[in-house]
1. From the set of residues in region 45-92 that are among the aromatic types (Phe, Trp, Tyr) and more than 17 Å from the chain's Cα centre (by Cα), which is nearest to Ile110 (Cα to Cα)?
2. Sort through Thr57, Thr74 and tell me the only one that's over 20 Å from Leu181 (Cβ atoms), surrounded by 16 or more Cβ atoms within 10 Å (Cβ to Cβ) and not hydrophobic (A, V, I, L, M, F, W, C).
3. So, in region 93-121, exactly how many residues are closer than 13 Å to Phe44 by Cβ and either surrounded by fewer than 17 Cβ atoms within 10 Å (Cβ to Cβ) or over 12 Å from the mean Cα position of the chain (by Cα) (or both)?
4. Assess whether Thr74 counts as being among the polar types (S, T, N, Q), part of a strand (DSSP E or B) and in contact with a strand residue (DSSP E or B) (Cβ under 8 Å, 6 or more places away or on another chain).
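Rule-based calculations on the coordinates, nothing more; no lab input. On a predicted model such as this, the values are computed, not experimentally measured, just so you know. Quick reminder, even Gly has a Cβ in these numbers, built from the backbone with ideal geometry, and neighbours come from all protein chains shown.
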Amino acid sequence: MPRPRSDYENTTCSAPGMRALIAWLPCLIIASAEARIGETSIQFADRYGRPVDSQLTKITDSQFPLIEGAVHHTYEYKGWKIRAAFLQLDRPAVRVDYQKLSASGVSPVIQEYELQAIANANTPEGMSWRPTAYDNPNSPSKGFSKLAEGMFASATGQKMWQRSDGAVLWLQSNLVVRLELPAARQYEQQLKAAKEQKARAAVPQF
């Protein structure tokens with residue numbers, strides 16, 4: 001992105017407990033349903049062709065899921081791999097990764113104009129993107145450590161922008177562009193809380 005302008009031109013979960021956690025999500029997603037990040041698997045297939053899911057992608061989805069317990073699909077489109085996570089098969093994607101396919105002579109580094117194209121494609125009418133502080137939800141760092149982490153991340157090509165509806169665009173080391181709806185992190189927080197509650201309940205009465 002040639003400096004993501006502050007206004008960007010204005011332009012089956014397997015576990016029953018997980019199903020319970022996502023029952024409230026549709027109302028969080030409806031507002032973003034018109035952008036790529038909020039499209040259903042049917043809309044993805046219409047746009048990018050049928051998913052290229054294979055045994056290899058299943059292993060990747062199992063060991064390195066975009067979202068634990070989500071339905072994952074991988075698409076290939078004009079030299080790019082697009083990996084999407086859907087909390088339910090018939091619901092919108094809440095997290096999507098874009099990266100270039102390996103090809104001879106093609107740099108895997110995502111250029112600013114390519115980042116701009118992805119961002120523009122995910123900017124519904126009336127919404128905009130603005131730069132935001134780096135925030136890795138999986139990092140345990142806090143306070144000064146969190147600030148230092150953000151500075152280091154910026155130096156290594158980690159940048160973030162936030163859409164006016166709360167969606168996040170994350171450039172990861174200039175090799176992967178991640179888009180996510182607020183529902184993705186909210187679901188993960190709910191899942192983490194449920195796991196902690198289960199662990200506490202499992203402690204024996206000594």
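1. Here the residue is Tyr77.
2. Thr57 is the lone residue from the list that is over 20 Å from Leu181 (Cβ atoms), surrounded by 16 or more Cβ atoms within 10 Å (Cβ to Cβ) and not hydrophobic (A, V, I, L, M, F, W, C).
3. 1
4. Against the criterion (among the polar types (S, T, N, Q), part of a strand (DSSP E or B) and in contact with a strand residue (DSSP E or B) (Cβ under 8 Å, 6 or more places away or on another chain)), Thr74 qualifies.
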